[in-house]
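Worksheet: the structure to be examined is printed underneath.
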Amino acid sequence: MHVEPWVWIVVVGSTAAILLADVFIIGRRPHVPSNRETSTALIFFVGLAVLFGLGVWYFSGGRYAGEFFAGWLTEYSLSIDNLFVFLIIMARFNVPAKFQQEALMVGIIIALVLRGIFIAVGAVAINQFAWIFYIFGAFLIYTAYNLASENGDADEEYEENRLMKFVEARFPVTQSWDAGVRLRTIEAGKKVLTPFAIVILALGTTDLLFALDSIPAIFGLTKEPFLVLMANIFALMGLRQLYFLIGGLLKKLVYLSIGLSVLLAFIGVKLIMHALHENNLPFINGGQPIHAVPDIPIWLSLVVIVGVLGITAVASLAKSRHDDRSSLSV
């Protein structure tokens, strides 16, 4: 897939402008968004993603459009899992409701910049070292096992990462939210960091850790850096709205971790099969490709992704409904 430089500039620049406009608008009036506000914005962002996919289909064909939609759906489903951790972070730092969307938006932008760097590094590594698909595949299978073992415990205690602990140890932080969405304030005559600064750092770094799973996963569906980047952008663009719209429904997705683990395991196996199909490691089949190993087509990947997500959602809601009825009958 050949993408002209001006297309990169226009498309990425336009989506970045939308993100900045979103930040500017919500930054002027901190508030708890209504269901109508979040629904409208979410429909807009999802519509943009669908239009982009249709544009890819029109200009580059069904194969690349399928790769984008498969990658976008995978990134979006993994982002929903991120929301569990986001909810825990908000509770851990006692973020006032009216400041939560500002914290989410800034954290998401930080994560987007870092993911862009990660995607560039991954694209270079794939072009230079074909054997990296073995590593990506094994890592995703390992991650799928761990995710299934956790069984989606959304009530798990949030543990600060090393960067968080380093910042809090080196710089004084106030516990008061009087400064609102500012990053620094004056307390007892000294400049200190605000809780808002710590929260956006937590959200940004946490989402970067999730990228360790999602970036290899989407590279298992497409090797086109342009599609990888846009799938990540569109998945993150609607994440803030999704947080407020279905925050109360997330606990009903009881089988989400199992569904995502199946998804990651499938993509991991797909990556390893692709690596074997184009093998050049000297200690495997004498450095020759193993053509007997099939390359899973993108249409089959898309069917599996939609099927797994659909079954996960239906089974989760059915289980939650059954549990609610059982609790009422007791």
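Only one of (1) at pLDDT 80 or above; (2) surrounded by 13 or more Cβ atoms within 10 Å (Cβ to Cβ); (3) in a helix (DSSP H, G or I) fails for residue 121. Which number is that?
With (1) at pLDDT 80 or above; (2) surrounded by 13 or more Cβ atoms within 10 Å (Cβ to Cβ); (3) in a helix (DSSP H, G or I) applied to residue 121, the lone miss is (2).
Can you tell me which residues in segment 300-316 are under 13 Å from residue 256 (Cβ atoms) and either touching a helix residue (DSSP H, G or I) at 6+ places or on another chain (Cβ under 6 Å) or open to solvent by less than 80 Å² (accessible area, probe 1.4 Å) (or both)?
308, 309, 310, 312, 313, 315, 316
Any chance segment 176-195 includes a residue that's at pLDDT 80 or above, open to solvent by less than 20 Å² (accessible area, probe 1.4 Å) and either touching a Cys at 6+ places or on another chain (Cβ under 7 Å) or assigned to a helix (DSSP H, G or I) (or both)?
Taking every residue of segment 176-195 in turn, at least one turns out to be at pLDDT 80 or above, open to solvent by less than 20 Å² (accessible area, probe 1.4 Å) and either touching a Cys at 6+ places or on another chain (Cβ under 7 Å) or assigned to a helix (DSSP H, G or I) (or both).
Quick test of your reading of the structure: residue 89 fulfils all but one of (1) over 25 Å from residue 225 (Cα atoms); (2) over 21 Å from the mean Cα position of the chain (by Cα). Name the failing condition by number.
(2)
Any idea which residue in segment 77-104 is most open to solvent (accessible area, probe 1.4 Å), counting only those that are in a helix (DSSP H, G or I) and polar (S, T, N, Q)?
Looking at residues that are in a helix (DSSP H, G or I) and polar (S, T, N, Q), I get 100.
Residue under question is residue 270, and the condition is that it be in contact with a Ser or Thr (Cβ under 7 Å, 6 or more places away or on another chain), among the charged types (D, E, K, R) and surrounded by 13 or more Cβ atoms within 10 Å (Cβ to Cβ); does it hold?
Yes.
Pick from 283, 210, 244: which is open to solvent by 10 Å² or more (accessible area, probe 1.4 Å) and farther than 25 Å from residue 16 by Cα?
283
So, in segment 225-284, how many residues would count as being touching a residue at least 12 places away in the same chain (Cβ under 8 Å), over 23 Å from residue 46 (Cβ atoms) and of a type in the set (Val, Ile, Thr)?
Residues that pass the stated criteria total 5.
Can you give me the number of residues within segment 58-76 that are open to solvent by 20 Å² or more (accessible area, probe 1.4 Å), assigned to a helix (DSSP H, G or I) and without any contact (Cβ under 8 Å) to a residue 24 or more places away in the chain?
Residues of segment 58-76 open to solvent by 20 Å² or more (accessible area, probe 1.4 Å): 58-64, 69, 72-73, 76.
Subset that is assigned to a helix (DSSP H, G or I): 58-60, 62-64, 69, 72-73, 76.
Among the residues that remain, those that are also without any contact (Cβ under 8 Å) to a residue 24 or more places away in the chain are: 58-59, 62.
Number satisfying all stated conditions: 3.
The values are calculated or read from the model by the stated rules, or taken from the named source; none is laboratory data. Remember, it's a predicted structure, so these values are computed and weren't measured experimentally. Note that we place each Cβ from the backbone using ideal geometry, even for glycine, and neighbour counts take in every protein chain shown. The protein model used for the area step is the full one, side chains on, heavy atoms only, and it has no ligands, DNA or RNA in it. Shrake-Rupley method; radii C 1.70, N 1.55, O 1.52, S 1.80 Å.
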